[in-house]
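Read-outs throughout are calculated quantities, based only on the coordinates presented, and are distinct from any laboratory measurement. Being a predicted model, the structure only gives us computed values, none of them experimental. Heads up, the Cβs are rebuilt from the backbone with ideal geometry, glycines too, and the neighbour counts pull from every protein chain shown.
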Amino acid sequence: MTSSLSLVAVGAVCLLTIVFGALGLRLSRATSDFYVAGRSVSPRMNASAIGGEYLSAASFLGVAGLIYDFGVDQLWLPVGYTTGYLVLLVMVAAPMRRSGAYTVPDFAEARLQSGRVRLVASTLVVAIGWIYLVPQLQGASLVLQIVADVPGWVGGTVVAIVVILAVGAGGMRSITFVQAVQYWIKLTALAVPAFVIIVLWVRAGHPAPDVPSTSWEVALTPRAEGDHPTYRVYSTLIALSLGTMGLPHVLVRYYTNPDGNAARRTTVNVLLLLGLFYLLPPIYGVLGRVHLPTMPEGVRSDSIVLRLPGVVVGGLGGDLLTAVLAAGAFAALLSTASGVAMSVAGVLDQSLMRPWVARLSGGDAGMPVGFRLAALAAVAAPYVVSRLVEPIGLATMVGLAFAVAASTFAPLLILGVWWRALSTIGAIAGLLTGAVAATAAIFASIALRPVDGWPGWTGALLSQPAAWSVPLATLVTVVVSLSTPASVPPGTTRLLVRLHTPEGVDVSRSRPDD
């Protein structure tokens, strides 16, 4: 019964995604429809869509798993995920919308007037997007293995096919509707089982397990998490707070707002929606420790959300709640994978597919064809990787993408929006420094596991590099920019005036740069 109900629920979510993708096919005609939904998405709709794509498998399953593993100290994760949007609101939300760009590489090229900067930024967008997509595909395999006992390749394959169909059909316009709906599916899917489990827990006379008070103490007590826990917490917060603005699928959402004021209102709504959602995963992590103190051999802690209803409720009620959670988990996987694939496809299309297809077709008429080929490439590469590498942990793998994004795009965007002296050479140097430092440290920590037993700070510094890689990249950007003033683009002041001037104010009379 569990398998049947869960498969029906997952199938319904997949069908909903494809139907909305087909709707977008009828609405998407112009280039702006594919890339930025015609820049006409309302703040509330956009906030729901951002919540839909941002709350990934790491949020739906991984946060509860980490709290189950390491205790309430991991509550810093949802705090960091949410704080990232506060930093985004204060620092770059409205200026990025006023830039008029379609993608992060578009903004980088416009700000620094350099094709080289665009090339580096495009490469990083694709790399970060692929890193982010791998755990979504692995999470899909985990979900279907738990609820339906199917082979591991099935879940990732289903997500890959559905995402390619949805993204390729109508681009950003269709994905916006899909993700907005999926946010509320995810919230409901987490809230209803949590509410039922808590009610069963407190109701007198109901056959809920009789758990002694000491078990609650165990559930709320942090477990050891390696050396230097304070450093790990602060480095994680830096990665999440600054990495949010560097995630390509997050920034592209702000280009869909009508203006900068709408971008700010969108961010405020996002903070409310994220705060509401992140109240729920810790409940599963804590109750999981109470009801299922140890996982069976070889079972990942990421599965605690899906296993808890069967342990607490059991019977048909447990099957129904598990099916609801399976639908929510798949909605999380599909919405995030769609957003990331959309951003990667946009970059691949503009940098590779679109010029090639335009040459073959003799004009711009080949744009949808190039975009759909790019969508296929955006999903195919991480799918292959997801089948070849062992799962590391959903929240852990997503954290790697945040660390790389924080070390590369965060310095570029903040300095690009607020500092006139940013030079082309300085920006390239900072991007490369952050990318090399963060990725080398992270992959060294993965390849050479376990690192917690290494002497001194080595393990902590490699597994959580953001605390030093972000300052290093920023310092290199500033020092190199100050050393190369000749490569500061002409017209920088005029562009910065446009980025920071509220809508409706005429800046045409501003003086050009000397």
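General observations
- Inter-centroid distance (Cα atoms) of region 104-181 relative to region 57-83, Å: 22
- Label zone at S4, where the point sits 7 Å out along the Cα-to-Cβ direction: region 133-154 residues whose backbone N lies under 18 Å: 147-150
- With 0.36 nm allotted per residue and the present C-alpha distance subtracted, the L75-E390 stretch has 110.8 nm of extension available.
- Relative protection proxy for 50-58, 63-71, from highest mean packing down: 50-58, 63-71 (other beta-carbon atoms within 10 angstrom).
- Label-point separation, T294 to V154 (7 Å along Cα→Cβ), nm: 3.1
- Spin-label proximity, R494 to region 96-114 - amide N less than 15 Å from point 7 Å beyond Cα toward beta carbon: 110-113
- Relative contact order of region 104-167, pairs being alpha-carbon contacts under 8 Å that are 6 or more residues apart, as %: 21
- In region 226-326, taking the dipole from charged Cβ atoms about the Cα centre, the farthest positive-side position among L292, G243, A326 is held by G243.
- Rounded to whole numbers, the Karplus 3J(HN,Hα) couplings from phi for region 184-192 are 6, 5, 5, 4, 5, 5, 7, 6, 5 Hz, using 6.51 cos²θ - 1.76 cosθ + 1.60 with θ = phi - 60°, and x at Gly and Pro.
- Added length on full extension, which subtracts the Cα-Cα distance from 0.36 nm per residue, L200 to W418: 73.2 nm
- Taking a ≥ b ≥ c as the square roots of the Cα gyration tensor eigenvalues, region 373-423 comes out oblate, since a/c reaches at least 1.5 and a/b does not exceed b/c.
- Overall dimensions of region 460-500, expressed as equivalent-ellipsoid semi-axes from the Cα gyration tensor (√(5λ), whole Å, largest first), are 30, 14, 5.
- Packing-based ranking, highest mean first, of 475-481, 148-154, 377-383, 236-242 given that Cβ atoms within 10 Å are counted: 236-242, 377-383, 475-481, 148-154
- Calculated FRET efficiency, V311 to L15, Cβ-Cβ distance, R0 = 30 Å: about 0.50 to the nearest 0.05.
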